1. Pairs under 8 Å by beta carbon, first residue farther than 13 Å from LEU253 by Cα in segment 208-222, partner part of a loop (DSSP other than H, G, I, E, B) and among the charged types (D, E, K, R), six or more apart or different chains?
2. Collect the residues in segment 89-103 that are under 21 Å from PHE73 (Cβ atoms) and buried (at least 17 other Cβ atoms within 10 Å of the Cβ), keeping them in residue-number order.
3. Residues to consider are ARG188, ARG248, ARG213, ARG241; find the one that is among the basic types (Lys, Arg) and over 30 Å from PRO104 (Cα atoms).
4. Could we say that VAL45 is of a type in the set (Val, Ile, Thr), modelled with pLDDT of 95 or more and within 18 Å of VAL256 (Cα to Cα) here?
5. Being open to solvent by less than 60 Å² (accessible area, probe 1.4 Å), closer than 21 Å to ARG208 by Cβ and in contact (Cβ under 8 Å) with a residue 60 or more places away in the chain is the filter here; which residues of segment 254-280 pass it?
6. Run ALA186 past the list (1) modelled with pLDDT of 95 or more; (2) hydrophobic (A, V, I, L, M, F, W, C); (3) outside any helix (DSSP H, G or I); (4) closer than 24 Å to LEU222 by Cα and report the number of the one that doesn't hold.
7. Can we say ALA162 is closer than 30 Å to PHE100 by Cβ, modelled with pLDDT of 95 or more and in a helix (DSSP H, G or I)?
8. At pLDDT 95 or above, on the phi < 0 side of the Ramachandran plot and surrounded by fewer than 18 Cβ atoms within 10 Å (Cβ to Cβ), is that true of SER3?
Amino acid sequence: MISVDDSRHDLRADCSQCVGLCCVALAFARSADFAFDKPAGDPCVNLDGDDRCSIHPRLRDSGFAGCTVFDCFGAGQQVTQHTFAGASWRDGAEIRASMFAVFPVMRQLHELLWYLEDALALPAAASLHPALRRARSEVRSVTEAAAVTIGETGLEELRGAAALLLRDAARLARESGPIGAGPRHAARSRLRPGADLVGADLRGADLRGAELRGALLLGADLRDADLSRAELIGADLRGARLDGADLRDAIYLTQVQVNSATGDAATRLPLTLSRPSHWG
């Protein structure tokens, strides 16, 4: 099980320390997740003068389910309080443009840090911990750099090197315990990286150690499934049913994935993640 410590406190969103960057810098399109179109750089009409969402308690009922799924991994407060020393996008066109350029890059860096912290918490991957710590240090040094340096960062190079370590760490963790038999009514061969499992009936499936990296699990029925040591990095869990599922030791599960799915009081999550309020 992933241990809980303060190593990722700055990777958790703190909207009180941000200036509503996700509500301004990012674009969204009218859909089931958003009630209207909003271009990147335009403030959402629901953002008030104190950079707070005026409809936050009723976002889903107001047609903004997409907002309840989003997680900046703490990038908002990092950009606001560290990169720009407490400044706001309201302070002028130049700082506005710079903040909006840095924010999405910072979010990707912080997401990568989250995965590296997950890997470092895997006892089975202890042999890789020195290399993982070096990768974490390299990424953190970029997050603490000046805005111009962050903007010029070669994200693909950083992520490419880290991805190999993350994959190897996940493999060691997946193979450190029993491998599940898969779904009772289908071949385990379906459980592979990038698998199309949209709407799949995986109720009660033994998915221990499954390699579901990048799998499409939209609307999949995972009720009462055991996902212990299942690798879920990049898996699309939108609309997936997780009632009673055991995800406590799932590898590389994020808050975004949990927020996009549905679950209940019996769903078991890693201690590093929170049960979404919209689960009821």
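The values are calculated or read from the model by the stated rules, or taken from the named source; none is laboratory data. Because the structure is a prediction, the values reported are computed rather than measured. Cβ sites come from the backbone with ideal geometry, for glycine too, and all protein chains shown count toward neighbours. To get the accessible areas, we keep the full protein, side chains included, count just its heavy atoms, and leave off ligands, DNA and RNA. Shrake-Rupley method; radii C 1.70, N 1.55, O 1.52, S 1.80 Å.
1. Close Cβ pairs satisfying both conditions: ARG208/ARG229; GLY209/GLU175; GLY209/ARG229; LEU218/ARG238; GLY219/ARG238; ASP221/ARG203; LEU222/ARG203.
2. The answer is TRP89, SER98, MET99, PHE100, VAL102, PHE103.
3. Exactly one of ARG188, ARG248, ARG213, ARG241 is among the basic types (Lys, Arg) and over 30 Å from PRO104 (Cα atoms), namely ARG188.
4. In short, no.
5. Matches in segment 254-280: THR254, PRO270, THR272.
6. (1)
7. Judged against the criteria, ALA162 is a match.
8. Taking the combined requirement at face value, the residue does not satisfy it.
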